[in-house]
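These notes are about the structure you will find just below.
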Amino acid sequence: MSSNMLVLQDRSKLYMYLTSRFSLAELKNLAMDLGIDANLLPHNNRADFARELIAYIESREQITGLISTAVDYRPDAEIAQLLQPPPASFDFREQPIPMPAFVSSEVEAAQSQATTNPLQRNQVFISYNHRDKKAFERLQTILKLRPSIKEGTLVIWDDTVIKPGDNWREQMVQALAASKVVVLLISADFLASDFINPNELPPLLKAAEKKEVVMLLVYVEPCSLQGTPLANFQSVNKPSDYLSRLDKYQQDEVWVKVAEFIAELVA
């Protein structure tokens, strides 16, 4: 493990440990021991507080401190192993998320078809975790104000367009092949998603590597991308200026900036 960032599997392991071995009051004591005001993480249940605590600690690059302090309270050999450094040759950023064979073949076929017709790349692909639905809906509202969307010359794709009975994988692949911009709403829930990681991120990263799409990352909640395949992508807002800490008007300023970037990129 990096001293600053957990890989996905280790983050899930730490989350399960904290939620199963500590009460909410004990988690708040952990935060206080690490010099964190528990009021910065205003959640009234253990699961949400543990998730936010991990994300906040990672953003401050103090994850080893959290693990060490927690293990002092509740000894656990498996969690203590997270403090051990990985082999010198390991670099998570160089380990791409494997794309399932059936997804890879469908993506390549759809992208090949799109390449023959450049006019098809007039869409925006939005990837988000449903726990961040409020932020997603605000983005939708801001984007709907753009003339190009009102006129139908710019198409926004997200999972809400999938109807009952539709083949969601086929729709996702076709949408990606027709998209020029991808907007990612980044949060701890997004990074820990068991759906996004195997299904959406691999084809998105592959398209970005080929420079077929431009990735626009928006920090919704406190979290860190260090050690993830998304670490090298520039975000619209700073990690320290995640949306949940901004007021409504400041949040809208970020969304307007996203809309302006989209307008420039999909002209």
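A short reminder: the numbers here are calculations on the coordinates, not readings from a lab. Computed from a prediction, not measured in an experiment: that's the story for all the values here. Heads up, the Cβs are rebuilt from the backbone with ideal geometry, glycines too, and the neighbour counts pull from every protein chain shown.
Some observations on this one:
- Difference of contour (0.36 nm per residue) and Cα-Cα distance, ARG60 to ALA80: 5.2 nm
- Simple spin-label estimate for ASP72 and LEU265 in nanometres, 7 Å along Cα-Cβ: 4.4
- Spatially close lysines, pair count over the stretch 135-267: Cα under 27 Å, gap of eight or more or interchain: 26
- Residue-by-residue Karplus 3J(HN,Hα) for the stretch 136-145, coefficients 6.51, -1.76, 1.60, Hz, glycine and proline x: 4, 5, 5, 4, 4, 4, 5, 5, 5, 7
- Modelled this way, with points 7 Å down the Cα-to-C-beta line, the labels at ASN197 and TRP168 are 1.7 nm from one another.
- For the stretch 175-220, chymotrypsin sites (Phe, Trp or Tyr not before Pro) are listed when DSSP marks them as loop and at most 15 other Cβ atoms sit within 10 Å of their Cβ; the list is PHE195.
- Other-chain or far-sequence residues with amide H under 5 Å of LEU217's (modelled H): LEU184, VAL236
- Separation between Cα centres of the stretch 170-234 and the stretch 238-267, rounded to whole Å: 17
- Taking LYS144, LYS163, LYS13 and counting other C-beta atoms within 10 Å, the order from fewest to most: LYS163, LYS144, LYS13
- Backbone N under 18 Å from the GLU26 label point (7 Å along Cα→Cβ), restricted to the stretch 47-64: 47-54
- Trypsin sites (Lys or Arg not before Pro) restricted to the stretch 162-267 and DSSP loop, no more than 10 other C-beta within 10 Å: LYS210, LYS211
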